[in-house]
Structure formats: C-alpha cells, structure tokens
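Visitor: Here you go, one structure.
The values are calculated or read from the model by the stated rules, or taken from the named source; none is laboratory data. None of the values given here were measured: they were computed from a predicted structure. Ideal geometry is used to build each Cβ from the backbone, glycine not excepted, and the neighbour counts take in all protein chains shown.
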Amino acid sequence: MDKYDVIVIGAGPAGYIAAIRCAQLGLRTACVDNRLGKQGEPVLGGTCLNVGCIPSKALLESSALYEKVRDGAALHGIVAGELSHDVAAMIAGKDRVVQELTGGIETLFRSNGVDWLRGSGQLLPGPQVRVTGHDGAAQTLAAANVILASGSAPMDIEAAPLQGDRIVDSTGALDWTEVPPRLGIIGAGVIGLELGSVWRRLGSAVTLLEAQDVFLSMADRQIGRAALAVFRNQGLDIRLGALVKHTAVDNDMVRVEYEVEEGVQTLEFDRLIVAVGRRPYTHGLAAAEAGLLLDEGGFIHVDDDCCTNLPGVYAIGDAVRGPMLAHKGSKEGVVVAERIAGQQSEVNYDTIASVIYTQPEIAWVGKTEEALKTAGNPCRSGVFPFAASGRARAMQETDGMVKLLSDEDTDEVLGVHIIGTAASELIATAVMAMEFAGSSEDIARTVFAHPTLSEGIHEAALAVDERALHISHKRRR
Ligand code: FAD
Ligand code: AMP
C-alpha cells in the first residue's frame, strides 16, 4: 500500500498551507479535497478562496470603488459624469480573481511536490485514508500522520430554509447578476454586514435582522456603538433584538416574520440572505470505527496543539475550536506541520486579529475593555479619532478611531480596536506589538511616518498617558 508521511483532508487555507509546509519540511505529502468549482471542475482553496474571503473581498472592493466614485469623487474635485455599473461584469471579475488564486495553489502544490488527490477523504483506523474520486473509484492510502482540515459550512435555521435564488446563504449572495431592490439579511454579523454593504452600495435597500440586542457583541462596545451609527447613517436598516421566526416565498417575494419586544412584525423582500453563522463540517470525514472524538457543537476535539484523540491524527481550521478565520487555520496548519517534522512550534491565539471589511473597516486584536473588566484586569485606554488625522482628512475618510488598551500595572498592550479606513492593514502593527509583548510606551516611543493612518496607533498609545499631540487632553497642573 502506498504510504505517505502526511495526508491532509481538505484544501482550504488550513489544509493547503499545512500540506505546503509539510512538503517544504521534506515530508511526503498528499492533500485530498472534494470541492468542485462553478464549472464542475475540482478546485483547491476551500471556502476561503472559492466562496468566502476572496470573492467577498473582490465584490467589496468593486462596490466600494463604485460608491467612492459616485459619492466621493466630487470631494476631491473630480467630475465623474453619469455613472452606472454592470453587475454581471463585476461577478465575472470576481470569478477571474478566484480562478487565478485557486490555480496558483495548484502551481504551488506542483512546485512543492504535494500530491493533489481529487475526491472525498475518509479517516480509517491506522491511520489510513480512503479516497473516493469524483468518478466513484476508491483507493485506500496509509499515512504516518493525517491532518483533518474539513472546514465549515453555512449554518441553516428552520425559520428560513434556502429556496432557489430567493432565500440564499452567503455562497448564493456572491453570484447574483442583478441588484435586488429590497434585500433582507438574517444576522448582522461579519458576513451579513459585508454582503449587506456590497448590495447596498450597488443600490439595494438593505435590512438586517439581528436577534441580539447588542450590535457586534464580540467587538469592543465603544467600537460597536460607533459602527452602528456609521452603518445606519450609510442607509443599512439594522434592527436589533429581531428574532426571525418564519419565512415564506410568495409570488417571487420573500415574506419574513420576526419577533421584537413589541410583538411579531412582517417585512417583504425581493431576496433574503441567511447569514447566521457557520458550523464545522465533518460529514463522512471519519469512519465510525476510526473512533474520532467530536466536541459539543460538532467540532473535532483537539488539545492546545491540534492533536485529536487518535495518535498521529491532527485537526485544524474551522473544523476545530477557536475563531473561524482563514489566518487562524493557516497558522495551525504551519504549526502542526512543524511539530510533525519534530520542530517546536505553537499558535498564539491571543494575537489572532479579527476584521470586518466594511467601509469603514473594523479590526481588532486582543481583549475588549469589557472582557478585561470582567476578568478583573485593570487597564488604561487611549483613543484617537481619525477626524484628527491629517492623512484621513486628505483621504476624506475621517470616520472612526483607534482604541488601545494597556495593562494598568505593566503597560503591556492587551487589546487594540480600530474602526476606520484600512483598519485591516493597520491592525498588523498592533498584532506585531502584542506578539513582541510590547507596551503602549514602546509604541509611543516609535516614530511613525507622516502623514499616515498608522499615526493613529501612535497617537492612541500616547493618549493612554494623556499625551496625544493632535487631540486636546484636560490640562494637567
Ligand atoms: P475550508 O476553507 O472550509 O476548506 C475545507 C475544504 O475541505 C473544503 O474545500 C471542503 O470542500 C473540503 N472537504 C471537507 N470535507 C472533506 C472530505 N471529507 N474530503 C475531501 N475534502 C473535504 N475568514 C477570514 O479570515 N477573512 C475573511 O475575510 C473571511 N471572509 C469570509 C467571507 C465569507 C462569505 C465566508 C463564508 C467566510 C469567510 N471567512 C473569512 C472564513 C474563512 O473562509 C474560513 O475561516 C476558512 O475558509 C476556513 O478554512 P479551512 O481550511 O478550515 O476550511
Ligand atoms: P456571525 O456568527 O458573525 O456570522 O453572525 C451571525 C449572527 O446571526 C449572530 O449575531 C446571531 O445572533 C444572528 N442570528 C442567528 N439566528 C438568528 C435569527 N433567527 N434571527 C436573527 N438573527 C439571528
């Protein structure tokens, strides 16, 4: 029987990165994936490249550019003339980006010597892996190590079963070639807000129905409040404390019943997106006799080092505990590969950044002020609004702020929370500072280029000690 050093099941950002790193380390590696692309062809890259991070960012970029030209050009003295959009061309552009990137992984597999096995992988005792090709032909392969990276799938709810192109999940909402005049979204989380922003910019009247009373409950409250005000001002109709109970498609209209404090309300939409979160995907992943342990919620059970309950079997990415983020899964992939190769390697889960790619963007790393309070960890806070940033003013992008939290005793940076243009890029500075256990004083003493948005991080660090230079602090005597 053919024996590999490592077989990876799943070629998303967790699995394909694990496979490449294993191959770089000299391990004989195969990666199994059963995903088919839009033309029915086997594709690499998983959710992230095919129906997640990349296509959503492509559409966010295109729609933001359209809105910027429409609403922002005049502020820069640019006369844009009559403007229109071609949504079908936008979707085709997005598909090209996806194809280029998934093709790029194929090239990387080839150059690194990773065998791409097209089909479904199933863990058997041993460990062995049964690979069933798209034509139904099956083979069994032995491996010294197996890495499970089967990812996640959109969560569905009984109140809103998917229906054709009327009630869709995030995947369906990435392929509409016409703008729905009235768009409803269940869930005002990351995916709901990003997709809502895309279609609002292109002309939809967007309503988001969110069961929770608090907007973006996982974010720092101050940032969440600022975000809610900005998004509502942009025209997103965000209804909080609104639990969707029932949906029905009637004459091409989607009727949605939702419960708020005042009682049951009804709304009609042309299309509805169900964006209520994602669940681990492990269907058919392990034969019963393999004895793979799952956690409550269906996640593959792992310890801190991504080891499952079975010797030589690891699990990474969305299929295991922790934030469902591509870079978290990729890091786990690298760490597991390096540990298999006998190296010391670990994931620092405290410095995994979260990003929402709206405009303004929202990004954070570390603890929120509320979490620190609950943990009884006294902290100091420095806030700097982008309205006081020269670069933000020159860009006519003054919404938002940087908020930096540091430990009251040691001054170590414990959290950085940003809402503003390019927050997704700015947060890397904070991640680096925290990775090096930096203090607000370290950042305060660093010279940032002028004029840049990153000066906002410098000023927020100065503000911790009430010495930001471009905002007024109370005078100290
Ligand atoms: P996946 O990417 O889900 O890949 C798993 C792969 O394994 C899939 O191709 C699947 O078909 C395959 N597979 C499963 N079971 C088997 C089997 N038995 N045999 C063979 N193959 C199998 N994250 C970010 O960090 N940033 C973002 O901006 C972002 N945006 C997103 C936008 C949207 C609309 C969505 C839906 C998600 C977004 N995410 C984002 C989340 C991100 O896509 C996931 O966190 C990431 O893809 C998880 O990677 P993974 O490798 O664990 O799993
Ligand atoms: P996320 O986990 O970031 O993708 O966000 C999904 C959001 O959907 C969460 O904030 C949930 O509170 C919300 N949600 C889940 N079920 C419902 C429902 N039936 N009605 C309204 N919102 C919901």
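Visitor: If the requirement is being in a loop (DSSP other than H, G, I, E, B) and either at pLDDT 95 or above or surrounded by 21 or more Cβ atoms within 10 Å (Cβ to Cβ) (or both), which of these qualifies: HIS470, HIS458, HIS417?
Guide: The match here is HIS470.
Visitor: Now for a separate question. Taking the condition within 12 Å of ligand 1 (Cβ to nearest atom), modelled with pLDDT of 95 or more and not in a helix (DSSP H, G or I), does VAL355 pass?
Guide: Yes, satisfied.
Visitor: Do we have ALA428 as of a type in the set (A, V, I, L, M, F, W, C), touching a residue at least 24 places away in the same chain (Cβ under 8 Å), within 22 Å of ALA371 (Cβ to Cβ) and surrounded by fewer than 16 Cβ atoms within 10 Å (Cβ to Cβ) here?
Guide: When the stated conditions are applied, ALA428 passes them.
Visitor: May I pose another question? Which residue pairs have Cβ atoms closer than 9 Å, lie 6 or more positions apart in sequence or on different chains, and pair a first residue in the range 210-227 that is farther than 14 Å from ASP399 by Cβ and of a type in the set (Ser, Thr, Tyr) with a second residue that is outside any loop (DSSP other than H, G, I, E, B) and more than 8 Å from ligand 2 (Cβ to nearest atom)?
Guide: Close Cβ pairs (under 9 Å, with a partner that is outside any loop (DSSP other than H, G, I, E, B) and more than 8 Å from ligand 2 (Cβ to nearest atom)) amount to SER217/GLY224.
Visitor: Oh, and also: Surrounded by 18 or more Cβ atoms within 10 Å (Cβ to Cβ), among the acidic types (Asp, Glu), at pLDDT 95 or above and not in a loop (DSSP other than H, G, I, E, B) - does that describe any residue in the range 307-321?
Guide: Within the range 307-321, one or more residues are surrounded by 18 or more Cβ atoms within 10 Å (Cβ to Cβ), among the acidic types (Asp, Glu), at pLDDT 95 or above and not in a loop (DSSP other than H, G, I, E, B).
Visitor: Answer yes or no as to whether GLY37 is of a type in the set (Gly, Ala, Ser), within 15 Å of VAL97 (Cα to Cα) and more than 8 Å from ligand 1 (Cβ to nearest atom). Steps first, answer last, please.
Guide: Values: of a type in the set (Gly, Ala, Ser): yes; within 15 Å of VAL97 (Cα to Cα): yes; more than 8 Å from ligand 1 (Cβ to nearest atom): yes.
Judged against the criteria, GLY37 is a match.
Visitor: Which of the numbered conditions does LEU75 fail, given that it passes all the others? Conditions: (1) at pLDDT 95 or above; (2) among the aliphatic types (A, V, I, L, M); (3) under 23 Å from PHE231 (Cβ atoms); (4) out of contact with any Phe, Trp or Tyr (no Cβ under 8 Å at 6 or more places or on another chain).
Guide: So the condition that LEU75 fails would be (1).
Visitor: For the range 151-189, how many residues are within 13 Å of ligand 1 (Cβ to nearest atom) and surrounded by 18 or more Cβ atoms within 10 Å (Cβ to Cβ)?
Guide: Count: 12.
Visitor: Looking at (1) free of Cβ contacts under 8 Å to residues at least 12 places away in the same chain; (2) within 16 Å of ligand 2 (Cβ to nearest atom), find the lone condition where GLY52 falls short.
Guide: Just one mismatch for GLY52, condition (1).
Visitor: If you go through the range 184-219, how many residues are away from ligand 2 (no atom under 15 Å from the Cβ) and either over 17 Å from the mean Cα position of the chain (by Cα) or among the small types (Gly, Ala, Ser) (or both)? Break it down into steps so the answer makes sense when it comes.
Guide: Just the residues of the range 184-219 that are away from ligand 2 (no atom under 15 Å from the Cβ), to begin with: 198-205.
Filter once more, so that each one left must be either over 17 Å from the mean Cα position of the chain (by Cα) or among the small types (Gly, Ala, Ser) (or both): 199-205.
So the count comes out to 7.
Visitor: Please count how many residues of the range 129-140 are surrounded by fewer than 19 Cβ atoms within 10 Å (Cβ to Cβ) and part of a strand (DSSP E or B).
Guide: Selection size over the range 129-140: 6.
Visitor: How many residues are among the small types (Gly, Ala, Ser) and surrounded by 13 or more Cβ atoms within 10 Å (Cβ to Cβ) if we restrict to the range 292-306?
Guide: Here the count works out to 1.
Visitor: A follow-up question, please. Considering (1) closer than 30 Å to HIS301 by Cα; (2) within 24 Å of the chain's Cα centre (by Cα), say which one GLU425 fails and leave the rest.
Guide: Here GLU425 meets the rest and fails (1).
Visitor: Filter the helices (runs of 4 or more DSSP H) completely within the range 1-88 down to those with at least 2 residues that are surrounded by fewer than 22 Cβ atoms within 10 Å (Cβ to Cβ) and charged (D, E, K, R).
Guide: Fully inside the range 1-88 and qualifying: 53-67.
Visitor: So, GLY52, is that one touching a Leu at 6+ places or on another chain (Cβ under 7 Å) and near ligand 1 (Cβ under 8 Å from one of its atoms) or not?
Guide: no
Visitor: Mind checking which strands (runs of 3 or more DSSP E) fall wholly inside the range 198-291 and carry at least 1 residues that are of a type in the set (Gly, Ala, Ser) and under 24 Å from LEU59 (Cβ atoms)?
Guide: Correct list: 205-209.
Visitor: Looking only at the range 397-431, how many residues end up being in contact with a helix residue (DSSP H, G or I) (Cβ under 9 Å, 6 or more places away or on another chain) and farther than 30 Å from GLY72 by Cβ?
Guide: 8
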